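Taken together, the values in this text are just the output of simple stated rules run on the coordinates, not laboratory data. Source: prediction; values computed, not measured. We place every Cβ from the backbone using ideal geometry, glycine too, and count neighbours over all the protein chains shown.
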Amino acid sequence: MLLSPTQVVPTLPPATYARFKATLPALSLMKTRPAKNQGPRQAGIALDTIVLHDTESTPTSTFERAVRYFADPQDGRPVSIHYLIGREYAEIVAMVPEHRKAIHCVNYNNRSIGIELYKKKIDTGDFSDWQYSAVAQLVCDIRLRYGLPQSCVRSHDELSGPKTDPRKFDWARFEVHVKSLLLRLKLIDPTLNF
């Protein structure tokens, strides 16, 4: 099963969606920490983009410090994110409700959901297996709920130069994860046509 970048995943019957969501462990492990910097989305603008970022954290930073920063930045920057995913298993935090605007990508805040992947600025390696698995589960879930095509998933650097994140993100590896999740969905309900 290969999805074209513009092909939309069909609306799912509630029972099928519930069975599928139960197979996504990252979502059941998610914690919540409200972010200070959030607001209402502008009326009339459809949510059509998922933006992937990396935190570019300082060498002494930890995932917990990154969570605290996005919850209430003490440097005066009005930033926030919908979701933050750490490098270790079970590090996933919801920070801004999806129906509200997070401040993460200029010109896309009203129309997007932002996902940060924790990574230190000095880290030149890849993201962790957990991060690829968790971000694929989260993206797949969001796409199903909003009826979004795979092409809606964009990098921060693509939308808001001169940013460079997510640095060294392996898009092919991410796609393999997403396709395997959609195959799992097809096994739950063979009548779905992708």
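Annotations
- Choice from GLN38, GLN131, GLN74 with maximal GNM fluctuation in the chain (Cα, 10 Å cutoff): GLN74
- Under 14 Å, Cβ to Cβ, from ASP72 - net charge with Lys/Arg +1 and Asp/Glu -1: +3
- Around the amide H of ILE50, modelled in the peptide plane, lie the amide H atoms of ILE113, VAL153, ARG154, all under 5 Å away and 5 or more residues distant in sequence or on another chain.
- Folded to 0 to 90 degrees: helix 171-188 orientation relative to the chain principal axis, Cα: 40
- Relative to the current alpha-carbon distance between LEU183 and ILE122, full extension at 0.36 nm per residue lengthens the span by 18.3 nm.
- Around the amide H of LYS36, modelled in the peptide plane, lie the amide H atoms of ASP72, all under 5 Å away and 5 or more residues distant in sequence or on another chain.
- Scanning residues 5 or more positions from LYS101 or on other chains, those with amide H under 5 Å from its amide H are GLY39, ARG41, with H placed 1.01 Å from N in the peptide plane.
- Greater than 25 Å apart at Cα, pairs in LYS36/LYS179; LYS21/LYS168; LYS36/LYS120; LYS120/LYS179; LYS31/LYS186; LYS21/LYS179: LYS36/LYS179; LYS21/LYS168; LYS120/LYS179; LYS31/LYS186
- Mean Cβ count within 10 Å, highest first, over the residues of peptides 41-49, 29-37: 29-37, 41-49
- For the chain, share of DSSP beta bridges that run antiparallel, in % to the nearest 5: 30
- When the chain is treated as a Gaussian network with alpha carbon springs shorter than 10 Å, the biggest mean-square fluctuation among GLY86, GLY147, GLY76 belongs to GLY76.
- Estimated translational D of the range 52-157 in µm²/s (Stokes, Kirkwood radius over Cα pairs; 20 °C; 1.002 mPa s): 151
- Pairwise centroid distance, computed over Cα atoms, of the range 125-160 with the range 51-66, Å: 17
- Sequence-ordered 3J(HN,Hα) estimates for the range 18-33 from the Karplus curve with 6.51, -1.76 and 1.60 and θ = phi - 60° stand at 4, 5, 5, 4, 5, 9, 10, x, 4, 5, 6, 8, 5, 9, 10, 9 Hz, glycine and proline given as x.
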